Amino acid sequence: MKLHLSRAEGAHQITGYGPDFVAVNGMRYEHSLVVTADTILTDWTVGSITELTAPHIARLATLQPEVVLIGTGSRTRFPSPPVLRPLIDDRIGYEIMDTGAACRTFGVLSAEGRRVLAALVLA
């Protein structure tokens, strides 16, 4: 699916996605990644939601988002509560959804000026 949104100059936007890729500002990524308005982390080494650990989540919390969207691949799969503990402890909101939904939600929240982070698993 290709997305079209107006974007703030210099802000990262998810411009497309499919079963095996996510495009940010037109650049295609074929591995899991983290996206905020001003950061793209391509070294997020989560190959599937079963590999997600509390240290992965703690790294996301250091970016100080208002809300974290965790895209879990082609279908929604929930990580165990201890994995999410760093977000809970830091009082950071989070939503778990399939990666396509996380991409769409990122676009809406970032257009509203929210400090949103999308942690996208491509499995």
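The values are calculated or read from the model by the stated rules, or taken from the named source; none is laboratory data. Just so you know, these numbers come straight off a predicted model, no measurement behind them. All Cβ positions, glycine included, derive from the backbone under ideal geometry; neighbour counts span all protein chains shown. Only protein heavy atoms, including side chains, enter the accessible area calculation; ligands, DNA and RNA are left aside. Shrake-Rupley method; radii C 1.70, N 1.55, O 1.52, S 1.80 Å.
Accessible surface calculations at 1.4 Å, restricted to protein heavy atoms, place the chain at 53 Å² per residue. Among 79-86, 17-24, 95-102, sorting by the average number of other beta carbon atoms lying within 10 angstrom of each residue, highest first, gives 95-102, 17-24, 79-86. Modelled spin-label separation between I40 and Q64, with each label point placed 7 Å from Cα along the Cα-to-Cβ direction: 2.4 nm. Share of carbon and sulfur in the accessible area of the chain stands at 53%, probe radius 1.4 Å. As a size descriptor, the averaged projected area of the C-alpha convex hull of region 56-123 was calculated at 4.2 nm².
log10 I(q)/I(0), Debye, Cα-only the chain, no solvent, q = 0.17 Å⁻¹? The Debye formula, applied to the Cα set alone, gives -0.76.
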